[in-house]
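Here the structure comes first, spelled out in structure tokens, and everything after it is commentary.
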Amino acid sequence: MLTTYIIGSLALIVKPGPDLMCTIATALSEGKARAATLMAGLVLGCWLWIVLLAVGVAAFFASHGFVLTVVQAVGVAYIAYLAVCSFKDAWQTFRSDAAGAFCGAEGSGWRLVWRGVMMSMSNPLTILFFLAFLPGFTHADAALSPTVQTLLLGLLFCALVPFVYFPIIMAADFFRARLIGSKKSLACLKLVSALLLSAVSVVLLVGMRTAIAPR
């Protein structure tokens, strides 16, 4: 059972969904440190879902589709805003001698952490995993309570994320470092980042109506 859970977890993490695309976009436009900070926010968002699931609050979201839709809509709107800002930044970089400032890139890393939390909390695949897949691996007759089992399984999932994301972040940053020398190359990277963020918002929008049926 644990092996099946690990395989399912890795399948979700590796799948080129919104979280991964947003991380790659950040690595290309802002570098590996900022992308790693975003990843920390993604993990934190996953952990919040795990805690909600463990204490039973997640069942409220599962049974109240409107509330879940609002959560997802806020996430879609935020990522769409970042995509628009990134397009604007790429255009300004094409037209000027100095690189523009990517919306959300200024300020402390907490803004990136918040971006990651928003991504995780509104990602339909993540929601489906924690409300429908993970509970199937807890057992009422086990030595540990279902709450403790949920927390441990969630902790395992969160621990697997960096093992997948770090190599991808490093690869994207390596590619970025090779092209960062010219203004045109930098603008192209920012354009790619904008396109990835746009794709993220579209994927999230399409998945907003995904039915969540917890086991």
Q: Of the conditions (1) surrounded by fewer than 19 Cβ atoms within 10 Å (Cβ to Cβ); (2) modelled with pLDDT of 80 or more; (3) aromatic (Phe, Trp, Tyr), Trp49 clears all except one; give me its number.
A: (1)
(Q) Restricting to region 89-125, and then to whatever is closer than 20 Å to Gly41 by Cβ and of a type in the set (D, E, K, R), can you tell me which residue is modelled with the lowest pLDDT? (A) Glu106
Q) What single numbered condition from (1) part of a helix (DSSP H, G or I); (2) at pLDDT 85 or above; (3) not β-branched (Val, Ile, Thr) fails to hold for Phe130? A) (2)
Q. Which one is nearest to Ala35 (Cα to Cα), of the residues in region 160-184 that are modelled with pLDDT of 90 or more and of a type in the set (Val, Ile, Thr)?
A. Ile169
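The values are calculated or read from the model by the stated rules, or taken from the named source; none is laboratory data. A quick note: this is a predicted structure, and the numbers were derived from the prediction, not measured. Neighbour counts run over all protein chains shown; Cβ positions are idealised from the backbone, glycine included.
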